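> Let me give you the structure first, and then I'll get to my questions.
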């Protein structure tokens, strides 16, 4: 009798332990952008798994990431702040839950040697990703600050990687790109120069978010995502060489090269998140929505008050 009771108790304990270890399966969409790399580190270093997440990372161009979110192919994604405005304005409900990074020179515009100032780009051909993406928005932002508009230039739609490669190969008068691809141009000064970056125009900042349905059904998983991201940042501080090696390998860079790319951005810890969402986030989102409306990327503004929920940051 005692052995039967012991066996039953043991099974119950094992079942409870198994349930405690159960992982929430979730797919997330990102790109090869340097700022998103801590998510890759969290997966490869076992941080997601430790925190109860079974994460599948899918590399999806920003131009189509919202389609994957809408179809259910992914449940969460990383992208720029203004892109969430576009997605929600176009009917793809999604909510930001924590900030990942701020670009400090990691996004930029490259031009031919004979272009002395932004105004010289009038009538020129510029490679940039499609409307609704960060490079396209950043282009419109820079042009407006210099008295021009998208109507004053010819935009050729190319993703950041191909745009940088094509520029170095002699195509187009200018291009919008970001790290690690911006370093392609840094390494080829004879082909052109970087005329503007986010050091001049601080308009690129990234956040992580999910569909409202996922957040409602998996609040613990949402908290685990935020916690895992911050843990990954701590790992970078404690073991930089190892961390840069893992993150660099994902974008075919050496640890040293990746560290070089990462110098041009600032990953945001928990304290930085709190400060950001209480101030700059609201101001920038409102300004971005106005510009997106002005350039015709969106037809109407979504409810800006519902674009973020920071309750998952603990």
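The values are calculated or read from the model by the stated rules, or taken from the named source; none is laboratory data. In this text, all values refer to a predicted model and were calculated from it rather than measured experimentally. All Cβ positions, even for glycine, are placed from backbone atoms using ideal geometry, and neighbour counts span all protein chains on display.
> If residue 273 satisfies every condition in (1) touching a helix residue (DSSP H, G or I) at 6+ places or on another chain (Cβ under 6 Å); (2) surrounded by 15 or more Cβ atoms within 10 Å (Cβ to Cβ) but one, which is the exception?
With (1) touching a helix residue (DSSP H, G or I) at 6+ places or on another chain (Cβ under 6 Å); (2) surrounded by 15 or more Cβ atoms within 10 Å (Cβ to Cβ) applied to residue 273, the lone miss is (1).
> Here's a follow-up. Among the candidates 299, 252, single out the residue that is surrounded by fewer than 18 Cβ atoms within 10 Å (Cβ to Cβ), modelled with pLDDT of 95 or more, more than 16 Å from the chain's Cα centre (by Cα) and not in a helix (DSSP H, G or I).
Values: 252 fails: modelled with pLDDT of 95 or more.
That would be 299, the only listed residue that is surrounded by fewer than 18 Cβ atoms within 10 Å (Cβ to Cβ), modelled with pLDDT of 95 or more, more than 16 Å from the chain's Cα centre (by Cα) and not in a helix (DSSP H, G or I).
> (1) out of contact with any strand residue (DSSP E or B) (no Cβ under 8 Å at 6 or more places or on another chain); (2) within 16 Å of residue 108 (Cβ to Cβ); (3) modelled with pLDDT of 95 or more; (4) surrounded by 19 or more Cβ atoms within 10 Å (Cβ to Cβ): which one isn't true of residue 180, the others all being true?
Single failed check for residue 180: (3).
> Quick one: which residue in 46, 72, 91 is under 30 Å from residue 294 (Cβ atoms) and modelled with pLDDT of 90 or more?
91
> I've got another one for you. Restricting to the stretch 126-141, and then to whatever is outside any loop (DSSP other than H, G, I, E, B) and farther than 19 Å from residue 301 by Cα, can you tell me which residue is nearest to the chain's Cα centre (by Cα)?
Ranking the candidates gives 135 first.
> Next question, about the same structure. Quick one: in the stretch 68-90, which of the residues that are under 16 Å from residue 133 (Cα atoms) and without any contact (Cβ under 8 Å) to a residue 60 or more places away in the chain is surrounded by the most Cβ atoms within 10 Å (Cβ to Cβ)?
Residues of the stretch 68-90 under 16 Å from residue 133 (Cα atoms): 68-69, 77-90.
In the following step, the residues that additionally are without any contact (Cβ under 8 Å) to a residue 60 or more places away in the chain were identified as 68, 83, 87.
Numbers: 68: 19, 83: 27, 87: 24.
Residue satisfying both the conditions and the ranking: 83.
> Determine whether the stretch 165-172 contains at least one residue that is assigned by TED's automatic domain parsing to the domain that holds residue 280 and buried (at least 18 other Cβ atoms within 10 Å of the Cβ).
no
> Here are 226, 220: which of them is surrounded by fewer than 15 Cβ atoms within 10 Å (Cβ to Cβ), in the same structural domain as residue 58 (by TED's automatic domain parsing) and in contact with a strand residue (DSSP E or B) (Cβ under 8 Å, 6 or more places away or on another chain)?
220
> May I pose another question? Could you figure out which of (1) within 22 Å of residue 202 (Cα to Cα); (2) in a helix (DSSP H, G or I); (3) at pLDDT 95 or above isn't true of residue 63?
All conditions are met except number (3).
> Is it the case, given these coordinates, that residue 155 is over 22 Å from residue 35 (Cβ atoms), surrounded by fewer than 22 Cβ atoms within 10 Å (Cβ to Cβ) and touching a strand residue (DSSP E or B) at 6+ places or on another chain (Cβ under 8 Å)?
Yes.
> Any residue at all in the stretch 125-137 that's in contact with a strand residue (DSSP E or B) (Cβ under 6 Å, 6 or more places away or on another chain), at pLDDT 95 or above, surrounded by fewer than 22 Cβ atoms within 10 Å (Cβ to Cβ) and farther than 25 Å from residue 37 by Cα?
Within the stretch 125-137, one or more residues are in contact with a strand residue (DSSP E or B) (Cβ under 6 Å, 6 or more places away or on another chain), at pLDDT 95 or above, surrounded by fewer than 22 Cβ atoms within 10 Å (Cβ to Cβ) and farther than 25 Å from residue 37 by Cα.
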